[in-house]
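Trainee: Quick one: structure below, then a few questions.
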Amino acid sequence: MSNYITPARPLFGPSGSPESFAAEGHTSTAEMPAWLRARGLDVYEYSFGRGVRLSDATAAKIGAECDKNSVEISVHAPYFINFASVEPEKAANSVRYLTSSLHALRALGGMRCVFHPGAQGDQTREDAFARTKDAFAAALDEIEAENLGDLIVCPETMGKLAQIGTVDEVAALCNMGENVYPCVDFGHLNAREGGSLKTTADFLAVIDRLAELIGEKKTRNMHIHFSKIQYGAKGEIRHLTFEDDIFGPDFEPLAEAIVLRGLTPHILCESAGTQAEDAAAMRNMWLRAAEATPAF
């Protein structure tokens, strides 16, 4: 692993480009770090959802602005990744999507790459997850072969029941490599479990389960995605904003849980268009919790 420096406190910022960024006349991602810093935010996630299309020159420019403004940058690998696929070509392509994302991450100067593990399809859950682990093991071998093993890969908890990505499944993937840390999307967990996250105790149960399975270091430094999400019988339907008061989850109890367990995660907001504003709201909730809650 690398000489990765753990942040002294949680970092907050948006995933993707907020609507207000474009509304204020900004057109280049290189303008994002200064824009975020002016709002008291300090992390940004660049999405390769539809494919890795970023030149080294552009990546270097964005990375330089991140350094200048003390903004951490992470990336989200393409949504096409499916390590559970029964088709060898798709599994091999999934390895390539992940390594190409890591090369771009290197050019950006970042350290963390989030990815969706896969989908169950017509397989049993056991068979699908066994395939996921086999294909991900091949990906980890290729990551080492391409000298990318100092970068952190983050399998994400997922919001649809048919997707691989329960807490226990993500934990099992994290135990496959020193450079594998969890991306816990609490909105996804709430959606796939029909609204399970309401109290501080609910969030603590997730955090403590992770610590039991993967240890305190990876749990303390986890990656977090957060948004309110509409859900139905099959789980996630769509991302909402913090204006929602029906589906949740609310961030305040998670802020308290983060303080209670002394966590220092990167926290990326995935609200629908208001991710910068909602990220700032989360930062303020955490600050209030830190002032009011004695850590232990």
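Trainee: So which DSSP H runs in the chain come out at 15 Å plus along the axis (Cα) with average Kyte-Doolittle of at least -0.5? Walk me through the intermediate numbers first.
Mentor: On the way: long enough: 56-68 (18 Å, -0.40); 88-108 (30 Å, -0.12); 125-145 (30 Å, -0.39); 200-214 (21 Å, 1.14); 275-292 (25 Å, -0.40).
What comes out of the filter, once short or polar helices are dropped, is 56-68, 88-108, 125-145, 200-214, 275-292.
Trainee: Now for a separate question. Please list the non-local residues whose amide H lies under 5 Å from the amide H of F12, H modeled 1.01 Å from N, same-chain partners needing a gap of 5 or more.
Mentor: Here D42, V43, I267 satisfy the definition.
Trainee: How long are the three semi-axes of the equivalent ellipsoid of the stretch 54-195, in whole Å, if each is the root of 5 times an eigenvalue of the C-alpha gyration tensor, listed from largest down? Display every interim value, and only then the final one.
Mentor: Details: eigenvalues 142, 63, 31 Å².
So the three semi-axes of the stretch 54-195 are 27, 18, 12 Å.
Trainee: Further question on the same structure: Anything over 32 Å Cα to Cα? Flag those among K68/K218; K68/K217; K61/K160; K61/K133, in the order listed. Display every interim value, and only then the final one.
Mentor: On the way: K68/K218 28 Å; K68/K217 28 Å; K61/K160 36 Å; K61/K133 36 Å.
The answer is K61/K160; K61/K133.
Trainee: Do me a favour and compute the ellipsoid semi-axes for the stretch 11-292 from its Cα gyration tensor, root of five times each eigenvalue, largest one first, whole Å.
Mentor: Working: eigenvalues 138, 118, 61 Å².
Equivalent ellipsoid of the stretch 11-292: 26, 24, 17 Å, largest first.
Trainee: When every alpha-carbon pair in the stretch 1-107 is counted, what percent end up more than 22 Å apart? Don't skip to the end; give the middle numbers.
Mentor: Numbers: 2186 of 5671 pairs.
Value for the stretch 1-107: 39 percent of Cα pairs lie more than 22 Å apart.
Trainee: Quick one: among L240, L54, L189, which has the greatest mean-square fluctuation in a GNM of the chain with alpha-carbon springs under 10 angstrom?
Mentor: L54
Trainee: By the 4.7 Å beta carbon criterion, which cysteine residues of the chain come out unpaired?
Mentor: If one checks each Cβ against the other cysteines of the chain, C66, C113, C174, C269 turn up with nothing under 4.7 Å.
Trainee: When the chain is modelled as a GNM with alpha-carbon springs shorter than 10 Å, which of S55, S74, S101 fluctuates the most?
Mentor: S55
Trainee: What is the fewest-to-most order of E291, E277 by other Cβ atoms lying within 10 Å of their Cβ?
Mentor: On the way: E291 8, E277 18.
Sorted ascending by nearby Cβ count, the order is E291, E277.
Trainee: Give the long-range amide H neighbours of K160: residues separated by 5 or more places, or on another chain, with amide H under 5 Å away, using H modelled in the peptide plane at 1.01 Å from N.
Mentor: Here E236 satisfy the definition.
Trainee: Can you compute the modelled spin-label distance between S28 and E126, with each label point 7 Å from Cα toward Cβ, in nm?
Mentor: 5.6 nm
Trainee: For C66, C183, which order do you get if you count the other beta carbons within 10 Å of each Cβ and list the fewest first? Don't skip to the end; give the middle numbers.
Mentor: Values: C66 25, C183 30.
Fewest to most other Cβ atoms nearby, the residues stand as C66, C183.
Trainee: Give me a comma-separated list of calculated 3J(HN,Hα) values for the stretch 12-20, in order, Karplus coefficients 6.51, -1.76, 1.60 applied at θ = phi - 60°, integers in Hz, x for any Gly or Pro.
Mentor: 10, x, x, 9, x, 9, x, 4, 5
Trainee: Rounded to two decimals, what ratio of Rg to Rh does the stretch 184-229 give with C-alpha atoms and a Kirkwood Rh? Display every interim value, and only then the final one.
Mentor: Details: Rg = 10.7 Å, Rh = 11.0 Å.
Checking Rg against Rh, the ratio lands at 0.97.
Trainee: Restricting attention to the stretch 1-64, which GluC sites (Glu not before Pro) occupy a DSSP loop and are surrounded by at most 11 other Cβ atoms within 10 Å? Intermediate results must be reported in sequence, preceding the final value.
Mentor: On the way: sites: E19, E24, E31, E45; in loops: E24.
For GluC sites (Glu not before Pro) across the stretch 1-64 that sit outside H, G, I, E and B with at most 11 neighbouring Cβ atoms in 10 Å, the list reads E24.
Trainee: Which residues make up the longest stretch of the chain clear of trypsin sites (Lys or Arg not before Pro) that lie in a DSSP loop with no more than 13 other Cβ atoms within 10 Å, not counting the sites? Present the calculation step by step, with values, prior to reporting the outcome.
Mentor: Working: sites that count: R50, R53, K198, K234.
Segment 54-197 is the longest.
Trainee: Using the alpha carbon gyration tensor of the stretch 68-143, what are the three equivalent-ellipsoid semi-axes (square root of 5 times each eigenvalue), largest first, in whole Å?
Mentor: Details: eigenvalues 147, 27, 17 Å².
The answer is 27, 12, 9 Å, longest axis first.
Trainee: Which percent, to the nearest 5, of DSSP beta bridges fully inside the chain are antiparallel?
Mentor: Numbers: 7 of 33 bridges.
Bridges in the chain that DSSP calls antiparallel: roughly 20 percent.
Trainee: Ok, one more. Using a 10 angstrom cutoff on alpha carbons, build the Gaussian network for the chain and name the most mobile of E178, E87, E156.
Mentor: E87
Trainee: Sticking with this one: Counting each DSSP H run of 4 or more residues in the chain as -39500 (n - 2.57), what helix-only mean residue ellipticity at 222 nm follows after dividing by all residues, to the nearest 500 deg cm²/dmol?
Mentor: -13500 deg cm²/dmol
Read-outs throughout are calculated quantities, based only on the coordinates presented, and are distinct from any laboratory measurement. Note that the structure is predicted; figures quoted are calculated from it, not measured. Cβ: placed from backbone, ideal geometry, glycine included. Neighbour counts: every protein chain shown.
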